[in-house]
1. Which GluC sites (Glu not before Pro) in the stretch 277-364 pass both tests, a DSSP loop state and at most 16 other beta-carbon atoms within 10 Å?
2. What whole-number volume per residue, in cubic angstrom, does the convex hull of the C-alpha atoms of the chain give?
3. Please order T186, T177 by the number of other Cβ within 10 Å, starting at the fewest.
4. Taking 7 Å along the Cα-to-C-beta vector as the label spot, tell me the N51-K259 distance in nanometres, rounded to one decimal.
5. For the stretch 180-202 and the stretch 205-250, what is the separation of their Cα centres, given in Å?
6. Using the beta-carbon distance between A91 and V363 and R0 = 41 Å, what value does 1/(1 + (r/R0)^6) give for FRET efficiency, to the nearest 0.05?
7. Sorted by packing (mean other beta-carbon atoms within 10 Å per residue), highest first, where do 354-360, 232-238, 296-302 land?
8. To make sure I understand the rule: partners must be lysines, Cα under 26 Å from the Cα of K93, and not fewer than 8 residues away in the same chain. Which ones qualify?
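Laboratory data are not the source of any read-out in this text; all were calculated from the coordinates shown. None of these values were measured; they are calculated from a predicted model. Using ideal geometry, Cβ is built from the backbone for each residue, glycine included, and neighbour counts are taken over all protein chains shown.
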Amino acid sequence: MSINLSRSPFIIEIAETGQTSTRIELYLWNTGSQPVSPQYTLSKKIPASNNISTFYNISPYVKEYYNFTTWQNLYNTYDAAISTDYVVQYAVKRFKTIGGSETPLLPNLTGEFMDGYGDYMQGLNPVGNTTVGLNEGTYLYNYDSDLPTDQANAMAGSIDVNFTDVFEFIRYTNIRTGVITNIPFTTTGLKTFSRVHLTNIADGNKVELLRGASVKWTGTFKPQCEPKYQPVQVDFINKYGSWSRIFFQKAKTRNINVKADNYKLNPAALPYTPSNQGQVKEFNKTGKESIKLNTGFVNDGYAEYIQQLLLSEKVTLLDYENNTLYTPVNVQTKSLKKQTGLNDGTMNYELTFDFAYDLINNVV
């Protein structure tokens with residue numbers, strides 16, 4: 001089943017001869033079976049007797065059903081069902097009215113949404129990558145043998161795969177030794193698996209999705225040890241609606257920005273006597289923190305990867321020097337030159353992120 005993308009419009013057209021109006025019932029859910037009652041009921045009259053088509057965009061109604069507060073940051077896992085928090089099931093019942101009588105249109109429309117988007121040139125109702133929720137290419141991940149095993153193994157990240165054929169399987173090939181590990185799948189559907197097999201974490205590996213002898217997708221994941229800086233990992237929802245990870249290996253700078261309102265104090269008496277109260281008083285003082293990060297030297301394919309990060313609406317950051325929790329951030333950088341090896345030689349991307357909360361707890 002193809003994965004529809006809810007950050008782009010998903011248009012349903014009803015154009016039945018003789019209709020004067022149409023209606024749809026929209027059912028949305030994450031787990032279990034289809035709800036008994038629709039979450040939304042929408043109706044429209046035709047524009048004119050010579051223009052009978054009616055159109056419904058159901059994408060805006062889907063987004064409230066996602067929950068990205070946690071991520072399946074798994075390692076040594078190769079056949080796990082993707083979290084239902086990231087996938088929305090839908091069903092649409094369509095109705096037409098002709099001569100004052102409403103009748104249903106069959107079959108009902110069903111499918112799945114993820115919080116991705118299509119490109120303009122893909123046209124109407126683009127669908128997600130029907131194989132892997134990540135572009136083909138070469139990716140770097142941080143590896144440090146001194147890290148705790150669970151942390152080090154999990155750092156490479158994971159990939160989502162939509163298996164449509166029980167004859168499909170994943171193949172890991174160790175970059176250094178060439179040892180192959182095949183992971184067969186006996187059920188279809190959305191799965192998540194490690195980018196790097198546990199046995200390859202120190203060497204890296206090539207990952208292939210195969211159907212029989214035919215290779216459908218290839219990605220290469222290489223370890224990179226950073227001896228000087230503490231790397232920062234940034235996780236985000238990419239264009240396919242899947243979690244992706246970028247490591248920022250080089251220099252980082254934290255900054256704070258403080259703002260406040262102020263007013264002038266009236267003296268207690270005239271003529272006044274100078275005091276430690278001063279003349280101007282601040283109030284409503286708040287502060288926000290930002291962090292500037294550098295990827296270090298990367299390959300050509302990172303231009304598209306960085307673009308997806310800039311366009312993401314859900315970004316988290318993990319800086320082990322300061323905390324061990326994923327921190328919500330927003331990408332402050334709004335423009336970026338897409339670098340190429342031909343034009344730029346060695347390529348480094350520098351991005352600034354705003355932490356998505358005030359320094360002072362002012363939640364009410």
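1. Values: sites: E282, E289, E304, E313, E321, E350; in loops: E313, E321.
Hits after loop and neighbour filter: E313, E321.
2. Values: hull volume 92.0 nm³, N = 364.
So the per-residue hull volume is 253 Å³.
3. Numbers: T186 8, T177 11.
If I rank by nearby Cβ atoms, fewest first, I get T186, T177.
4. For the pair N51/K259, the computed spacing is 4.4 nm.
5. Answer, in whole Å: 13.
6. Working: r = 37 Å, r/R0 = 0.91.
Computed FRET efficiency for A91 and V363 comes out at 0.65.
7. On the way: 354-360: 14.0, 232-238: 23.7, 296-302: 17.7.
Sorting 354-360, 232-238, 296-302 by mean packing, highest first, produces 232-238, 296-302, 354-360.
8. Reachable lysines: K44, K45, K63.
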